[in-house]
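Take a look at the structure below.
The values are calculated or read from the model by the stated rules, or taken from the named source; none is laboratory data. What you see is a predicted model; the values in this text were computed from it and never measured. All Cβ positions, glycine included, derive from the backbone under ideal geometry; neighbour counts span all protein chains shown. Each accessible area value is taken on the protein alone, full model and side chains, heavy atoms only, with ligands, DNA and RNA left out. Shrake-Rupley method; radii C 1.70, N 1.55, O 1.52, S 1.80 Å.
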Amino acid sequence: MDSNDFILGGYAKAPESIDHFSINSSYDLFIGGRWVKATQQFKTTNPANDQVIAEVGLAGKKEVNQAIKAARKAYESVWSKMPAADRGKYLFRIARLLQERARQFAVVESLDGGKPIRESRDVDVPLAAAHFFYHAGWADKLSYAFPGAKPKPIGVIGQIIPWNFPLLMAAWKIAPALACGNTVVLKPAETTPLSALMLAQLIEDADLPPGVVNIVTGAGETGQALVEHPGIDKIAFTGSTEVGKHIRKAIAGSGKRYTLELGGKAANIIFEDAPINEAVEGIINGIFFNQGHVCCAGSRLFVQESIADQVLRKLKKRIGTLIVGDPLDKNTDIGAINSREQLDRIKSLVKIGKEEGAQLWQSDQRIPRKGNWFKPTLFTQCAQSHRIVQEEVFGPVLAIQTFRTPKEAIAKANNTPYGLSGGVWTDKGSKAFQMTSSLNAGVVWANTFNKFDPVSPFGGMQESGIGREGGLQGLRAYCNLEL
Ligand code: TAP
């Protein structure tokens, strides 16, 4: 067996084909409906094998300025004046083209980001299309969304997104902004620029008026240039709490509107009356889904003491069956860690977890040598003060604690600066309601985990952010309401 062969837990290999379309060897910036060469380029690599996939433009202040000017021109001359029903038609067209090209987008998302093709294919791409469909429907019905008010667009929106759901985050940002009559300049993450650039190609094919959507690839400095530019009316940011705080300071006093979707440290709480096997699947889905690269990952598990041994035994057994390997293989459960930097961060926090006294358990499946990989990892005997309990690891690492009463579970679950999401598993509806209303979290799932829908608003409390995306609340964030 080749040293980099993927381990498929007894299943024959089932790789998704990649010869049904081609990825360019280099991509320019998408500004004002044209492809504009940047002064500098950078490489994007496949985290599963470290191979370079393509070169993309690195937008500096000059290109960001150019993109904002193009967005302003499109806003003033075309998009904000267009009949809302026509804006809706463009969004429907984008949604349908996304469905037609779903296989290409799924492959690119897995190649560039490392996530299993099953997730890109069954979660990321369909949900991205659903967001465009949903907001296409709202475009000419905004006055019904906000009865008694006259919704007006805000203007030019700067949008900055992370690497964990690159296409989906682009859809979450672009679809509502356009539906409300705004134009956008979007910056994808440095390690996952390709699906946003393919979306730019799709938008070009959809004949969207030039400048309505502009995509500027680059690193943190590109995002900063967007944030600081006076021509931006609103910043919509998804990423880490650290950068979110930095952005809030940078725009203070500027009059720019903002929404911040930031980090999380979700508690997944399992009561003794829960359906145990389903709950174990929920734990797996909550933290190992997308390698734990999920803002709302259930990275803290609280199990009622009476069932702790049983849950832990079942959990370990189930983890042993997970397939870690080739993101393009349809059997794969856990793909590649998105970047070397992120892998180093996970390793460092795991080392700290051991040093602080928590007990580590890792499954014994083999992982490929080349590329960025991390085994599913559990920590037991965790204390509330441990850094693996308090900090976002953003990897397949679960910190497990026990509790005796609902009150204790709530106190422990709420003991972090974050407040994005949580999960409760119980047979009792009343207990589910009591828990969901007591947890400091923007989203709480009951007897399920990590479920998304364009109709449901998503967002955090405390250091997990300000504002909502999705649903009416998300739409509201892209309008000025005149009463
Ligand atoms: P960040 O490092 O914060 O990066 C997010 C985006 O901001 C990237 O495009 C990044 O560019 C850019 N950026 C970096 N520094 C900037 C600056 N000074 N000014 C403006 N933009 C800047 O986060 P990440 O590591 O990509 O993503 C993981 C984080 O996102 C996690 O904390 C996760 O919880 C959070 N997240 C939250 C949500 C929601 S909905 N709450 C959803 C997904 C992810 P580069 O990539 O080029 O550095």
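Quick one: would you say residue 149 is surrounded by fewer than 17 Cβ atoms within 10 Å (Cβ to Cβ) and aliphatic (A, V, I, L, M)? For residue 149, the condition - surrounded by fewer than 17 Cβ atoms within 10 Å (Cβ to Cβ) and aliphatic (A, V, I, L, M) - is met.
Does the stretch 396-406 contain at least one residue that is buried (at least 21 other Cβ atoms within 10 Å of the Cβ), closer than 22 Å to residue 237 by Cα and within 15 Å of the ligand (Cβ to nearest atom)? No, the stretch 396-406 has no match at all. Within the stretch 13-37, being over 27 Å from residue 118 (Cα atoms) and touching a residue at least 60 places away in the same chain (Cβ under 8 Å) holds for 29, 30, 31, 32, 33, 34. Which one of 434, 462 is in contact with a Phe, Trp or Tyr (Cβ under 7 Å, 6 or more places away or on another chain) and either surrounded by fewer than 15 Cβ atoms within 10 Å (Cβ to Cβ) or free of Cβ contacts under 8 Å to residues at least 60 places away in the same chain (or both)? Unique residue meeting the criteria: 462. The set of residues from the stretch 438-451 being in contact with a helix residue (DSSP H, G or I) (Cβ under 7 Å, 6 or more places away or on another chain), touching a residue at least 40 places away in the same chain (Cβ under 8 Å) and surrounded by 17 or more Cβ atoms within 10 Å (Cβ to Cβ) comprises 439, 449, 450. Within the stretch 18-57, track down each residue that is surrounded by 14 or more Cβ atoms within 10 Å (Cβ to Cβ), among the aliphatic types (A, V, I, L, M) and within 27 Å of residue 370 (Cα to Cα). Listed by number, the residues that qualify are 18, 23, 48, 53, 54, 56. Comparison of 339, 299 shows that the only residue that is among the polar types (S, T, N, Q) and over 22 Å from residue 389 (Cα atoms) is 339. Filtered by the rule that a residue be more than 15 Å from the chain's Cα centre (by Cα) and surrounded by 24 or more Cβ atoms within 10 Å (Cβ to Cβ), the stretch 254-270 gives 267, 268, 269, 270.
Residue count for the stretch 282-312 under the criterion of being touching a residue at least 12 places away in the same chain (Cβ under 8 Å), open to solvent by 10 Å² or more (accessible area, probe 1.4 Å) and more than 14 Å from the ligand (Cβ to nearest atom): the result is 9.
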